[in-house]
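Peer 1: Quick one: this structure, given as structure tokens, is what I'll be asking you about.
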Amino acid sequence: MESIKSQQVTFKVFRFNEETDYLPYYNTYVLDVTHEEVVLDILNRIKWDHDGSLSYRRSCRHGICGVCSIKVNGKGILACKSRLFDLVEVFGNEIIIEPLSTKRVVKDLIIDKKDFWDKHASVKPYLVSEIEEHPASEHLVSPHDAEKLLEADYCIQCGACHYSCPALAINEEFIGPAAFAAAYRFSADVRDEASLQRLHTVNEEAQGVWDCVKCMECAEVCPKDVNPIEKITKLHNMVFEAGIAKNNVATRHAVGFAHSIQKHGLLDEGELVRYSEGNIGVMKHIPEAIAMFAKGKIVMPWNMPKSKNLDEVKKLIKSSSTVKF
Amino acid sequence: MEKLKYALYTGCTARESTPELLKSTLAIADKLGIELILLDEASCCGASHLQDYDDFLSLVLNARNICYAEKLGLTMVTICNTCQLNTAMTKHRLDTNPELKAKVNVKLAEVGLEYKGSSEVTHFLYALIQDFGLKNLAAKVEVPLSQFNIAPFYGCHNIRPSELQNLSNGGENPYTPTSLDDLIIACGGVNVHYEEKNKCCGFHAELQSPRTAAILTGNAIAGAMDANADWMVTPCPLCHLKLDVQNHGASKALGRDVKLPVLHMPQMVGLALGCTPAELGLNHHVTKVDFV
Ligand code: SF4
Ligand code: SF4
Ligand code: SF4
Ligand code: FES
């Protein structure tokens, strides 16, 4: 591959102007691409050599400002950081260039990111701290404490994760991976004093961390390796540690695993649903349970399999548990 | 070829709500001459939820499971994507963080175990492809699935995050995965292309966010139907539960009837190898497998 210095690529570029178009359409360009070119170079070439009306955002050209994020063949990328040759290797010679969200287009590749910024603002993405106006010395954070941020502060707010998150695409209240990463970043900061408030925000039903489907899309797409889902897990932990976990279906679902493993080593699937939903909530699963029972998919309590050496598991749960519910 | 031998971590689902998965796994291993030693000592992986409650406990329990594969000196194979993710994630965290590993080992020592990091962890799908080999598999096919359009459904936890998964899945790209497509072709079937094949089924938010979960399940089945699939195949029993059992809820949420038979990966391979429907547990499906 390295010996190939240029190759022909077909670009299909999403076009839409809120003010004049009913429907979006795609313009096709066939261009020779060199091995050092990134997607932003191509957008510039299209704009400068073919169609000056093509609109897209760019500023730093160094993967720092986060405005050039778009989708290529469905994958969120920074246009200024992604080499064409790498993309062609994955997607082939037809490259489809689209905005991060086709629902939010203002013009061509430019979207209205208001929902992103609103969600971001909702988690207080800044340090909240009473500080002296004229401190005598610097407020130092030890390397050990800085490590706890898990590089969540690398986020450049490009929105690639936000507009790749399937939970958010369906449930508009969901705060979303980037804002969760920010919530973690400031709540994990030893100088911060608003952590409890933030944890309450991310603990709410529908908008909070509980509605994440754990698809790992955010970890995959992030161009800065922020790994938002890792921070979401941390927020779950912090909610339990802070003792503010509500007694609801979501929290019981997490805790139920510990109960079940304690008893059987394995998960008692039926009991997990009953415990999570409660005796009334569980009723709505009855039709499903009957259908499953008829096909031999439900193990009766007296037949529940158990791990061999279960006493080891019990002992470890006793000695290694770090939280209480 | 040297006889392949693995330690099988069944996970809970294959012992409870998807008994057909364990049955068909053992059936095809037998046909292919692969030896599987069941890790009966293993406990639940926590299915990505226990770690939300107690991360350290989840690490200790998952490390204990791996210890039993290490004792046998075997690679651990999983048959559930989420088991794979949790186990591989545990392994990776312990192997790259000596301090954490030492902390976990203090606990494990209480029950006479030690996590060393000597066993690999891989999903059975990738063991079949990389160790057994697609060519060898194709050579064993007795009943090619040539009359079927088959929609592969990959399941998130085998392909993402790729940085972790690529340690054991042969470098599969999560945006353009090919393993399951290749397996369909090796079985003589026609692989169907559709957008949702590498998307999420919603399983993990099913109780707390039922609408989201139902729509994701519905989108997946609808995508496969619109691409003219006769049935779907998945390596993940949790995806299977969503797609096979919950299409009513999905149809309701979507406002459109969605329904397709869904096979577990080893059931598909088993059909091609000439196993009987009974050997593959096809009677355990809620959405009837009506084509055999
Ligand atoms: S893991 Fe959760 S937050 Fe991340 S993209 Fe998936 S649903 Fe969204
Ligand atoms: S977490 Fe990553 S993908 Fe998400 S907004 Fe920040 S930099 Fe972009
Ligand atoms: S598709 Fe669903 S059940 Fe399968 S791995 Fe993804 S989230 Fe888990
Ligand atoms: S132009 Fe600034 S990140 Fe790409």
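The values are calculated or read from the model by the stated rules, or taken from the named source; none is laboratory data. These figures come from a predicted structure and were not determined experimentally. With ideal geometry, Cβ positions are generated from the backbone for all residues, glycine too; neighbour counts draw on all protein chains shown. Only protein heavy atoms, including side chains, enter the accessible area calculation; ligands, DNA and RNA are left aside. Shrake-Rupley method; radii C 1.70, N 1.55, O 1.52, S 1.80 Å.
Peer 1: Can you pull out the residues in the stretch B:98-121 that are over 16 Å from residue B:68 (Cβ atoms) and buried (at least 17 other Cβ atoms within 10 Å of the Cβ)?
Peer 2: B:101
Peer 1: Quick test for you: out of A:146, A:206, A:136, A:188, pick the one residue that is crowded, with 16+ Cβ neighbours inside 10 Å and hydrophobic (A, V, I, L, M, F, W, C).
Peer 2: Answer to the check: A:188.
Peer 1: May I pose another question? Restricting the stretch A:149-162 to residues that are within 15 Å of ligand 4 (Cβ to nearest atom) and open to solvent by 30 Å² or more (accessible area, probe 1.4 Å), which is farthest from residue B:209 (Cα to Cα)?
Peer 2: Looking at residues that are within 15 Å of ligand 4 (Cβ to nearest atom) and open to solvent by 30 Å² or more (accessible area, probe 1.4 Å), I get A:154.
Peer 1: Do any helices (runs of 4 or more DSSP H) entirely within the stretch B:112-214 hold 2 or more residues that are within 30 Å of residue A:278 (Cβ to Cβ), and if so, which?
Peer 2: B:156-159
Peer 1: Return yes or no: is residue B:53 crowded, with 20+ Cβ neighbours inside 10 Å, more than 13 Å from chain A (Cβ to nearest Cβ) and either of a type in the set (Ser, Thr, Tyr) or touching a Gly at 6+ places or on another chain (Cβ under 8 Å) (or both)?
Peer 2: When the stated conditions are applied, residue B:53 does not pass them.
Peer 1: Select, from B:160, B:64, B:93, the only residue that is open to solvent by 20 Å² or more (accessible area, probe 1.4 Å) and within 14 Å of chain A (Cβ to nearest Cβ).
Peer 2: Checking each option against the conditions leaves just B:93.
Peer 1: To continue, here is another question. Only one residue in B:267, B:208 is at pLDDT below 95, out of contact with any Pro (no Cβ under 7 Å at 6 or more places or on another chain) and crowded, with 20+ Cβ neighbours inside 10 Å. Which one?
Peer 2: One residue alone meets the criteria, B:208.
Peer 1: More than 9 Å from chain B (Cβ to nearest Cβ), within 16 Å of ligand 2 (Cβ to nearest atom), part of a loop (DSSP other than H, G, I, E, B) and over 18 Å from residue A:75 (Cα atoms) - does that describe any residue in the stretch A:174-188?
Peer 2: yes
Peer 1: Let me ask another. Quick one: which residue in A:278, A:265, A:243, A:256 is more than 9 Å from chain B (Cβ to nearest Cβ) and open to solvent by less than 30 Å² (accessible area, probe 1.4 Å)?
Peer 2: None of the other options fit; the residue is A:278.
Peer 1: From the list A:218, A:222, A:212, which one is within 16 Å of ligand 4 (Cβ to nearest atom) and either of a type in the set (A, V, I, L, M, F, W, C) or touching a residue at least 12 places away in the same chain (Cβ under 8 Å) (or both)?
Peer 2: Going through A:218, A:222, A:212 in turn, just one is within 16 Å of ligand 4 (Cβ to nearest atom) and either of a type in the set (A, V, I, L, M, F, W, C) or touching a residue at least 12 places away in the same chain (Cβ under 8 Å) (or both): A:222.
Peer 1: Out of (1) surrounded by fewer than 24 Cβ atoms within 10 Å (Cβ to Cβ); (2) under 16 Å from residue B:212 (Cβ atoms), the odd one out for residue A:175 is which?
Peer 2: In the conditions (1) surrounded by fewer than 24 Cβ atoms within 10 Å (Cβ to Cβ); (2) under 16 Å from residue B:212 (Cβ atoms), residue A:175 misses (1) alone.
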